[in-house]
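Have a look at the structure below before the remarks.
The values are calculated or read from the model by the stated rules, or taken from the named source; none is laboratory data. Owing to the predicted nature of the structure, the values given are computational and were not obtained by experimental measurement. Cβ placement follows ideal geometry from the backbone for every residue including glycine, while neighbour counts extend to all protein chains displayed.
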C-alpha cells in the first residue's frame, strides 16, 4: 500500500510563483534605485535542515535567464531520479522520508586538501547564488529551474587540485533502505558522473542546494547536486557523497549502461540525435497540452560561455 | 430471457461501457475533474492510450485460450469488441502522437516514421489494426472466407510488434515491457501447444473435430445455437 505523507508545510507558508517572481523584480529594482553595485555578499552559505526552509543571503546572478521558471509543482513531481524509481512521479512519492542530514561528503584524489566533511562545513566557505537555468533532459523535454547553489569553480579551487587532476568525479549515496530504486540493478550503483577540470571550473557550473529560494527537496537531489546547464540533465548527479580529483576520464553511469546512446560529455546538441529519437526539438514542460515543441539550442543556449571548451573536440564522436 | 439475448442486451453494453472507462479518465483528468495528467500531459496521454492498446490486444488474444481452458464459449462473443477497442486505443495513441506530440509537423513526422525504428514498428502494427477493424463486420467476414482468418491471425503480429515498439522506446528499465512480453509469450505458446496437440490427435484419428479449423467449428456451433434460439 502506498502511504503518501502529507507535506508538513501549511499552504500559507508557500511562496506563490507570482510573489516569488515579484520578489525578484523587487530586488532588482532595489539594486538599481540604490545605485549600489552588488559585489557579492560574502556571508558564507548556511543551509537549514528541512526541505522548504527559506535560504537566506542569496544573491542574484548575471547568468540567470529571464524565462519564466516552471512551477514548483512541475519541478518537484516530474523527476528522473532512478534511486527512487524509474517513473517520473516515483521520486516525489518515494523520497519523502529520505534523510538528507546528517550528511558527509568525502573529497579525495589529486588535491592538496582532502578528507570527509559534514555538509554544513563543506558549503560554509562559499556564497549562495540564485541561478535560473534552462534544464534540457536527454529525453527531449525541458524546464526552467530557479536553483540556489554555490559556484563549483570556487569549490574546486578551495580544495587546491594538483596539476595531475584532469577530471572531477562525483558519486551519489548508496542506501537501498532509503532509496528503493537501488534494490534493483537498473543502473550500476552508485550513480557516477564526472566533468573535465575545465568544465568544473566554468562559471556556469554550480553545486545546487535549493530551488525557489528554499532548501532542496529530496526528490531533486538533496542536500546537494550538480547543475551543468549546457549538458543533458543526467549529468546533474544528485545527493553527492563523494567528489574525487582524478587523472583519467571517470566512468559515468549512463555511459556505462549504454555507451552508444550516452557519452561522457553529453553536451546539449540538436544536431546529434539520440540513436532512437531526435534531439532537434524539445517539449517545454508547463507549456500546455497544445503547445508545439521548441527548437533545441546548441549547448542549450549557453554557447557564449562554454563553446570554447570544445573547439578541439569532434562533437559527433564525443556526444 | 435466454443466454444469447442476455449477452446482447445486458452484458455487451456493460462491457462496452467498462472498456470506455480508461479513455473517459483521460478526458476527465485533462479537465482536472477526476485527477491530473501531471507535468507532461502530452506524454501521459500517449502513454495511457498506448498502454491500454497493449492491454486490449492481450485481452483479445486471451479470449480463445481462456474459452478452451474454461469451456466458456460465450467469451467468443466479446472477442470482436475487444479487438475493436484495441484499434480504438491505438488510434487514439496515434492521434495523440500526430497532433499533440508532433503538432502535425510533417517533416518531423516523416523523419520519425522512417528513421526511428520503434515508430516504424508501431506504425506497421497500426496499419494491421486498421485492416482488421475495417474487415470486422459479419458481412465482410462471410465474403472473405478463409482469407479473413488469415488476415485476422495478424492479431498475434500486432501483439509482437506492439511489445517490441514499447520495449524499444524504454530508456533502461525493461520491467514493464517484460511483463507484456511474458503474457504474449504465454498466449502464443498456448496457441502453438494447442496446434501440436491437435495435429497429433489427427494422426491418431481420435478427434472428429480435428479435421476442421477451430473457427469453422466455432461457426458450426454458432449456427447450432441460432437454430436452437429459433426453435425456442
Open item on the list: For segment A:89-106, which positions are crowded, with 19+ Cβ neighbours inside 10 Å, out of contact with any strand residue (DSSP E or B) (no Cβ under 9 Å at 6 or more places or on another chain) and not in a helix (DSSP H, G or I)?
Closed with: A:95, A:98
Open item on the list: Just to be sure I understand, how many residues within segment A:195-206 are outside any loop (DSSP other than H, G, I, E, B) and either surrounded by fewer than 23 Cβ atoms within 10 Å (Cβ to Cβ) or over 8 Å from the mean Cα position of the chain (by Cα) (or both)?
Closed with: 6
Task: Pick from segment B:137-154, criterion under 19 Å from residue B:85 (Cβ atoms) and touching a helix residue (DSSP H, G or I) at 6+ places or on another chain (Cβ under 6 Å), ranking: surrounded by the most Cβ atoms within 10 Å (Cβ to Cβ) - done: B:152
Task: Of residues in segment A:302-319 being assigned to a loop (DSSP other than H, G, I, E, B) and buried (at least 19 other Cβ atoms within 10 Å of the Cβ), the one nearest to the other protein chains (Cβ to nearest Cβ) - done: A:319
Open item on the list: When you check residue A:139 against the structure, is it without any contact (Cβ under 8 Å) to a residue 24 or more places away in the chain and closer than 28 Å to residue B:176 by Cβ, yes or no?
Closed with: no
TODO: Say whether the condition of being within 13 Å of another protein chain (Cβ to nearest Cβ) and either surrounded by 21 or more Cβ atoms within 10 Å (Cβ to Cβ) or in contact (Cβ under 8 Å) with a residue 40 or more places away in the chain (or both) is met by at least one residue in segment A:109-119.
DONE: no
TODO: Give segment B:1-28 a look and list any residue that's in contact (Cβ under 8 Å) with a residue 40 or more places away in the chain and not in a helix (DSSP H, G or I), or say none.
DONE: B:2
Task: Those residues of segment B:4-19 which are at pLDDT below 90 and surrounded by fewer than 14 Cβ atoms within 10 Å (Cβ to Cβ), in sequence order - done: B:5, B:6, B:8
TODO: Output the residues belonging to segment A:251-282 that are touching a residue at least 24 places away in the same chain (Cβ under 8 Å), surrounded by fewer than 20 Cβ atoms within 10 Å (Cβ to Cβ), touching a strand residue (DSSP E or B) at 6+ places or on another chain (Cβ under 8 Å) and over 20 Å from residue A:186 (Cα atoms).
DONE: A:270, A:281
Task: Positions within segment A:251-280 being at the interface with chain B (Cβ under 10 Å from one of its Cβ atoms) and in contact with a helix residue (DSSP H, G or I) (Cβ under 7 Å, 6 or more places away or on another chain), in sequence order - done: A:254, A:262, A:276, A:278
Task: segment A:288-301 - residue that is out of contact with any strand residue (DSSP E or B) (no Cβ under 8 Å at 6 or more places or on another chain) and at pLDDT 95 or above and, of those, nearest to the other protein chains (Cβ to nearest Cβ) - done: A:297
- [ ] Residue by residue through segment A:183-194, note down the ones that are outside any loop (DSSP other than H, G, I, E, B) and surrounded by fewer than 22 Cβ atoms within 10 Å (Cβ to Cβ).
- [x] A:183, A:192
Open item on the list: Return the residues of segment B:29-46 that are surrounded by fewer than 16 Cβ atoms within 10 Å (Cβ to Cβ) and within 14 Å of chain A (Cβ to nearest Cβ); say none if nothing qualifies.
Closed with: B:31, B:32, B:35, B:36
Open item on the list: Kindly evaluate residue B:84 against the criterion of being surrounded by 13 or more Cβ atoms within 10 Å (Cβ to Cβ), under 20 Å from the mean Cα position of the chain (by Cα) and under 20 Å from residue B:40 (Cα atoms).
Closed with: no
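Table: residues versus (1) under 30 Å from residue A:278 (Cα atoms); (2) in contact (Cβ under 8 Å) with a residue 60 or more places away in the chain; (3) within 13 Å of another protein chain (Cβ to nearest Cβ); (4) surrounded by fewer than 19 Cβ atoms within 10 Å (Cβ to Cβ).
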| residue | (1), (2), (3), (4) |
| --- | --- |
| B:93 | yes, no, no, no |
| B:100 | yes, no, yes, no |
| B:108 | yes, no, yes, yes |
| B:116 | yes, no, yes, no |
| B:162 | yes, yes, no, no |
Open item on the list: Just to confirm my filter: which strands (runs of 3 or more DSSP E) fall fully inside segment A:111-176 and include at least 1 residues that are in contact with a strand residue (DSSP E or B) (Cβ under 8 Å, 6 or more places away or on another chain) and under 20 Å from residue A:199 (Cβ atoms)?
Closed with: A:129-136, A:141-151, A:167-172
Open item on the list: Which residue is nearest to the other protein chains (Cβ to nearest Cβ), if the candidates are limited to segment A:51-88 and must be closer than 20 Å to residue A:101 by Cα and part of a loop (DSSP other than H, G, I, E, B)?
Closed with: A:81
- [ ] Considering (1) under 30 Å from residue A:142 (Cα atoms); (2) out of contact with any strand residue (DSSP E or B) (no Cβ under 9 Å at 6 or more places or on another chain), say which one residue B:87 fails and leave the rest.
- [x] (1)
